[in-house]
Structure formats: C-alpha cells, structure tokens
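Have a look at the structure below, then the notes.
The values are calculated or read from the model by the stated rules, or taken from the named source; none is laboratory data. Quantities reported herein were computed from a predicted structural model and do not represent experimental measurements. Neighbour counts run over all protein chains shown; Cβ positions are idealised from the backbone, glycine included. To get the accessible areas, we keep the full protein, side chains included, count just its heavy atoms, and leave off ligands, DNA and RNA. Shrake-Rupley method; radii C 1.70, N 1.55, O 1.52, S 1.80 Å.
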Amino acid sequence: MKHLWLISVTGLLAAACSQPADDTAASDPARETALAGTGGDDVASGDMVESAAADGSCAALYANSGSDNPTVPFTGESLANSDTSRPPVCDTSTGITGSDMAWRIQTLASDEFEGRAPALPGGIAASQWIADEMEAAGLEPAGEDGTYFQPVPLVEATLDEPASSMDISINGEPMGLAMGSEYVIGTRTLEDVIDLAGTDVVFVGYGVVAPEYGWDDYAGLDVEGRTVLILVNDPGFETEDPDLFNGRAMTYYGRWTYKYEEAARQGAAAAIVIHETDPASYGWNVVQNSWSGPQFDLQRPEGAVQFSPVEGWINNDRARELLSAVGYDYDELKTRAQTPGFTPIELDGVTLDAHLETSVRQMDSRNVAGVVRGSERPDEYVLYMAHWDHIGSRPAFEGQDGIYNGAVDNGTGTSALLEIAQRFASGDAPERSALFVAVTAEESGLLGSAYFAVDPLVPLNQIVAGINMDGMLPVGATSNVVVVGYGASEVEEFLAEAAAEQDRTLSPDPNPEAGYFYRSDHISLAKLGVPMLYADGGSISIEHGEAYGEEMQAAYRARAYHAPDDEFSHDWDFDGLARDVTLMANTGWRILNSEDWPNWYEGNEFRGLRDAMMEDSGE
C-alpha cells in the first residue's frame, strides 16, 4: 500500500535501541534487541512505499491482520475477536504503516498495562514504554531535567461506596436512590468525610451564567449551602435555534465540567446533573463507569479553586419521578429552561442528604515529551498531542472483564503520535521543531494538558500550531476528514491541502451537539490562544459507504466508549488508520517547513487571546 509522503528523504536512519529514558524504571530487554537494524523505506516521486517485511518486523507479525469481512467493529460478532494480550516485540519501520499501528495499539491496550490509570502502576509502566519508544526513535528529551517526563502532581480520591450514600426526600419520605444504577457522587474538596443534611433542592435549568448571551440561570437566587439540580447541555440543543447560544452545537456552557464550576462559584453545597442520553451524547453506563473507582484531580494551592462539597449525577427516570412528585413535568420544565428570562424553581419539600467517606492521597503522574529539533528555526514548534491514559480497572463479577483497555481511547492517538515522531526523526530535519507530548489524566478532566498549558515545556507564543489526536476509529479508507470544531482556525487550510493529496475533503463534525471540541486536550491550549486542530479521520468509507462509519460510531458509543469492550482486534482496518496518521503527519510537515503563523479565524472566541499573546512576544 502506498501512502503519499511530502518529505524529501535523502537517507533514512534505522531505529536503534538505547537505554530507557528513566533509569529508575526497569528496561525491556526484548525491546532493546528488537529495534537494532530496522529496515528503511523506498522513496520515489514523493511517495512512501511500505518496505518488505523481514523476520521480526511488525509487518511480518501482523501480516494476517485486517479483515475483508465487513462486520462492523464493536458489534457483537466483532467483539468476540478481541485480543488483550501483549504482543511480542517487533521491529517498527521508519514509515507510517498499518502493521506498526497495530503493534503499538495492541501493546498499549494490553491487559499488562491494566487500563493505563494515570498514577497507578499500569499507567506509570505505559508512560515509561512511551518514553522508551521516543528514545528508540531518536527524539531528544523535551521533559524536565533532561528527561522525557514532565511530572504532573495529582490527587487521587477514592469514594468508599459501601460507607457512602445520597438520597433525596420528598416531604420527609426518602426516594431510596441506589448508588451506581441511579446516581453517582464524589467530591474534589479533599475532605475525608462530608455530611450534608436536609439541604434544600433548587432546579436551576441549565445552570448557566453567560453575559455574552444575556443569560443567567442564577439571577436573583441565593443557593449558598443548597443543592442545585441541573440539565445537561445548553439551551440551544433542544430548540436548534441558531440564535440561542450556538444552536444544536454545544458550547462550553453545556459541559458538565462548567456546570460544576458555576455551581461552586454560586456557593452550592451539592451540584447534581440530570443525565439524558441524547444531550449528553453517551449513556448512563458511561457516567457510572467513569465515576466509579479512583478519581483524579490536579494538586492545587489551598483556596485556589472552589468546589461544591458534593458533585454528582442522577439518572433521568428518577429525576422525572422526583419532579412529578412535586407537581412538575420534566419535559415542560426543560422547555421553560430554554426560554430567556427563565426563573429557577425552588422545589418545596424536597431535600438532599449525603454522606461521603473518601480516601485521599497525593501522587504524581507524568506527561511524556520528546522533540525533533528544527534545522532553521528550532525555537518555533509544531505541537503533536495525544493522551496516553485511560480509566484503569474496576472490580468485576466472576466471568466479567474489569480492565478498561482503551484501545481506541486513546491507544490509537498515542500510537499515531509515536508513528509520526519516528517518521520525522528518521529523515531530514524540518525547518521548525516538532514537539510530541503524550499527556496524562485526560479522562479525569484534561488534567495533563491543563498542567502543560499553565506550565509549558516551551513558551506558548513559540508554538506555531498544534494537532491533537484522540479516539481514531478503524473505519478504513475514507473520502472525507471530519474536523471537530470546523471553521475555527487557519490550521484547517494546511489540513485541506494535505487531504486533497489523498483525494479527501473536509467535513464538519456531524455531531456538534456532543461538544467534542470541548472534550479533548486541544481545548487546554486553545483556551489560552494557541491555534489547535482536532481531526483524526473520516466517516464516509470508500469501500462500505457512509452508513458503515455511522454504524461503527454508534456501536462504539453504545458498547465500548469508557467500557471494558474498548479492546484491540486483529480484524481492524489498520491500513486505513495509517492513512489517517499520514494525513496528520503531512499536515504538520507543511507547517513545520513554512514561515506561516496560522491564527484563529476572525470572530473566533480564541482569536483575541492569540493576537494579544503574539503582540506581547513581538511576533
């Protein structure tokens, strides 16, 4: 299979092994011998041709992977072919190939790394493996103190579920809510024990204070020490009115993270979000899985950030039952909440009680960073970013799988980052530097990227642009490229040029209501002004048509997203993934070898931040 490659390479270097990046962690002897003497790629007329497989190569190991069977991944038949074993070590090539992607994804998603929880042994081992891969590929360390690591100080909070509880009473009668199946709760206050007794409950609609939209769901209301009940998403979702917020497309005000932030600013004792699958874009199973087990947050100076003592979710059926019991119809209340001038509703006779016992400990995770140094303007950087963490493992009943392997989320993006890094490091240096950062704790609230953004390894005004890779589905070769947050920045113009070379066109995100633009690590840099691109692949399969991609995405969301079924399968279309990764590489390569400084488009919410940043730097 040929992949268009835009780099003129005069000599490709064989990947050579060296000592681990962290002398405190054990090396992988098999890895040290496997990378000695990797074969090169033939390059002619700008095209990269996959080299012939040799014994020990990843191409040989995965020669029989991929399938002509159009069974949609993450459906029942496909899930039966999952493989969570760690594969034997193989020689990765200096090109971007499907077999290399397969080996990297299978390794990261193996049971050996125990779901890659940010600060637990499996996650630390996974981050070490990534650092070793960067070093073996020839990247210079870009972390702190000459290492590949940027320590990220975290707090781990684990709720003692048997000792904890929450219930809502209606006129003194408890509803008898069941933890897990009907509600989830937690705290970020670092308090070992929290007790709330008889807190009044107020329905605050979408819980939004947005002066630019003339919207304030808390207007004239004092919720100090009370519980707020909040709808998910924002008012424009249901109405699809383009003049109401951003119509059906979610804004940051629709994210549950914002709703907790605003409730805390208002002084609420508890903030409870009502789950609903369509506006949330995921089912209750995702909420339950994501909120069980250890939860992570950044270590913060005392008083730096305010949190409500209790944060949680309640499922839709029980929320409807609650509101009906006090004379309100849930759907009618939603309609009222979508109207400008909505007035919060104090639910007479409704109180919330909660008792939380939480074990708290401070621990470190780490971002992993390497750089390919530029030949002409080494202090200008193009950033590639992907999160390496996932949810870890959870207790499971006998016969069930308790490991959340995260093959798609985000074994794919991390593997893509390593493939591009090895490719860039193996040939002629670009004019600018390419910075590769695998960030931690994305699943805990974009924590690793947030830490990098406020304590960057290079000044933010020296980052020309960034490309984020997260959750690449194995749809195969597609005729389009889906851009999350389409129309945001001039980085898309470089992507469009590279896509045209693959006979592909750009498409807007088909599910803007899901708010994906605010749900991955690029937003941590975007909020400070750095132009970021989030586009992983396409949705219209050349072989199977558009419905195939839609069915795969639906199956993944329903069965595998933040669930144990997000596992590697030899049946995936790895050549299609390699084609997408090549596109991301070619996009960045264009920027690396230009003198352009792409910006956010005029009118974008982040344009002013970038302009001010560059004005201060004199650029």
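Each row is one residue, and each column tells you yes or no for (1) open to solvent by 30 Å² or more (accessible area, probe 1.4 Å); (2) over 27 Å from Ser449 (Cβ atoms).
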residue	(1), (2)
Glu261	yes, no
Pro279	no, no
Gln299	yes, no
Glu321	yes, yes
Ile345	no, yes
Gly370	no, no
- prompt: Can you spot a residue in the range 100-110 that is of a type in the set (Asp, Glu) and over 24 Å from Met584 (Cβ atoms)?
  reply: no
- prompt: Restricting the range 424-455 to residues that are polar (S, T, N, Q) and within 19 Å of the chain's Cα centre (by Cα), which is most open to solvent (accessible area, probe 1.4 Å)?
  reply: Ser444
task: Would you tally the residues in the range 255-270 being within 23 Å of Ala563 (Cβ to Cβ) and not in a loop (DSSP other than H, G, I, E, B)?
output: 2
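Pick out the one residue from Ser594, Ser539 that is open to solvent by less than 60 Å² (accessible area, probe 1.4 Å), in a loop (DSSP other than H, G, I, E, B) and modelled with pLDDT of 95 or more.
Details: Ser539 fails: modelled with pLDDT of 95 or more.
The match here is Ser594.
Kindly indicate which of Ala560, Ala535 is among the aliphatic types (A, V, I, L, M), within 18 Å of the chain's Cα centre (by Cα) and under 30 Å from Tyr381 (Cα atoms). Break it down into steps so the answer makes sense when it comes.
Values: Ala560 fails: under 30 Å from Tyr381 (Cα atoms).
Exactly one residue qualifies, and that residue is Ala535.
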statement: Restricting attention to the range 459-474, the residues that are within 20 Å of Ile420 (Cα to Cα) and either small (Gly, Ala, Ser) or assigned to a loop (DSSP other than H, G, I, E, B) (or both) number exactly 8
message: Looking at (1) modelled with pLDDT of 95 or more; (2) closer than 30 Å to Asp329 by Cα; (3) surrounded by 15 or more Cβ atoms within 10 Å (Cβ to Cβ), which one does Tyr148 not meet, given that it meets all the others?
response: (2)
statement: A careful count of residues in the range 332-355 that are out of contact with any Asp or Glu (no Cβ under 7 Å at 6 or more places or on another chain), outside any loop (DSSP other than H, G, I, E, B) and farther than 21 Å from Met175 by Cα gives 4
message: Can you confirm whether Arg116 is open to solvent by less than 30 Å² (accessible area, probe 1.4 Å) and either in contact with a Cys (Cβ under 8 Å, 6 or more places away or on another chain) or among the basic types (Lys, Arg) (or both)?
response: yes
message: I'm checking my understanding of the structure. Among residues of the range 542-561 that are within 25 Å of Ile467 (Cα to Cα) and of a type in the set (D, E, K, R), which one is least open to solvent (accessible area, probe 1.4 Å)?
response: Arg557
- prompt: Using beta carbons and a limit of 6 Å, which pairs, at least six apart or on different chains, have the first residue in the range 390-409 and hydroxyl-bearing (Ser, Thr, Tyr) and the second one at pLDDT 95 or above?
  reply: Ser393/Glu114; Ser393/Gly115; Ser393/Ile403; Tyr404/Gly115; Tyr404/His390
Meets criteria (modelled with pLDDT of 95 or more and closer than 19 Å to Tyr218 by Cα) for Arg320: no
message: Which numbered condition in (1) modelled with pLDDT under 95; (2) farther than 28 Å from Thr440 by Cβ is the only one that Ala163 fails?
response: (1)
query: Are any residues in the range 60-113 open to solvent by less than 10 Å² (accessible area, probe 1.4 Å) and on the phi > 0 side of the Ramachandran plot, and if so, which ones?
result: Phe74
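Considering only residues that are over 22 Å from Glu419 (Cβ atoms) and part of a helix (DSSP H, G or I), which ones fall in the range 553-585? If you could, list the steps in order and put the result at the bottom.
Step one: filter the range 553-585 for residues over 22 Å from Glu419 (Cβ atoms), giving 553-555, 557-565.
Gln553, Ala554, Ala555, Arg557, Ala558, Arg559, Ala560, listed by residue number.
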query: Got a number for residues in the range 212-245 being part of a loop (DSSP other than H, G, I, E, B) and buried (at least 19 other Cβ atoms within 10 Å of the Cβ)?
result: 10
- line: Scanning the range 372-409 residue by residue, those at pLDDT 95 or above, open to solvent by 20 Å² or more (accessible area, probe 1.4 Å) and more than 24 Å from the chain's Cα centre (by Cα) turn out to be Arg373, Ser375, Glu376, Arg377, Pro378, Asp379, Glu380
- prompt: Across the range 423-450, which residue is nearest to Met101 (Cα to Cα) among those that are assigned to a helix (DSSP H, G or I) and out of contact with any Asp or Glu (no Cβ under 8 Å at 6 or more places or on another chain)?
  reply: Arg423
- prompt: Of all residues in the range 288-324, which are closer than 23 Å to His355 by Cβ, hydrophobic (A, V, I, L, M, F, W, C) and either touching a strand residue (DSSP E or B) at 6+ places or on another chain (Cβ under 8 Å) or without any contact (Cβ under 8 Å) to a residue 24 or more places away in the chain (or both)?
  reply: Trp291, Phe296, Val310, Trp313, Ile314, Ala319, Leu322
query: Quick one: how many residues across the range 172-189 are within 20 Å of Ala269 (Cα to Cα) and surrounded by fewer than 16 Cβ atoms within 10 Å (Cβ to Cβ)?
result: 2
Selection status of Ala585, surrounded by 24 or more Cβ atoms within 10 Å (Cβ to Cβ), in contact with a strand residue (DSSP E or B) (Cβ under 6 Å, 6 or more places away or on another chain) and touching a residue at least 40 places away in the same chain (Cβ under 8 Å): no
